[in-house]
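To start, the structure under review is shown below, and the notes come after it.
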């Protein structure tokens with residue numbers, strides 16, 4: 001895509017979109033186990049947007065979304 005200077009690796013000055021899971025997916029048997037995995041932290045463009053366990057609260061970082069205010073990305077049926 002020609003944006004190696006802006007993305008593609010975790011480095012200072014690059015855009016960071018990443019998640020931290022509560023378990024290592026590579027250590028699980030896929031069938032019947034992966035659905036229990038939870039996202040602990042989400043960073044979008046390097047900004048903390050989700051901190052399920054409030055792990056960064058002591059650092060003064062506040063997530064955009066909080067566990068009581070999860071946005072709805074789908075239509076409920």
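Data table
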| quantity | calculated |
| --- | --- |
| Sequence of 23, 52 once ranked by neighbouring C-beta atoms within 10 Å, starting from the fewest | 23, 52 |
| Calculated FRET value between residue 59 and residue 28, using beta carbons and R₀ = 25 Å, to 0.05 | 0.25 |
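Laboratory data are not the source of any read-out in this text; all were calculated from the coordinates shown. Treat the numbers as computed from the prediction; the structure is a model and nothing was measured. No Cβ is skipped: glycine too gets one built from the backbone with ideal geometry, and neighbour counts run over all protein chains shown.
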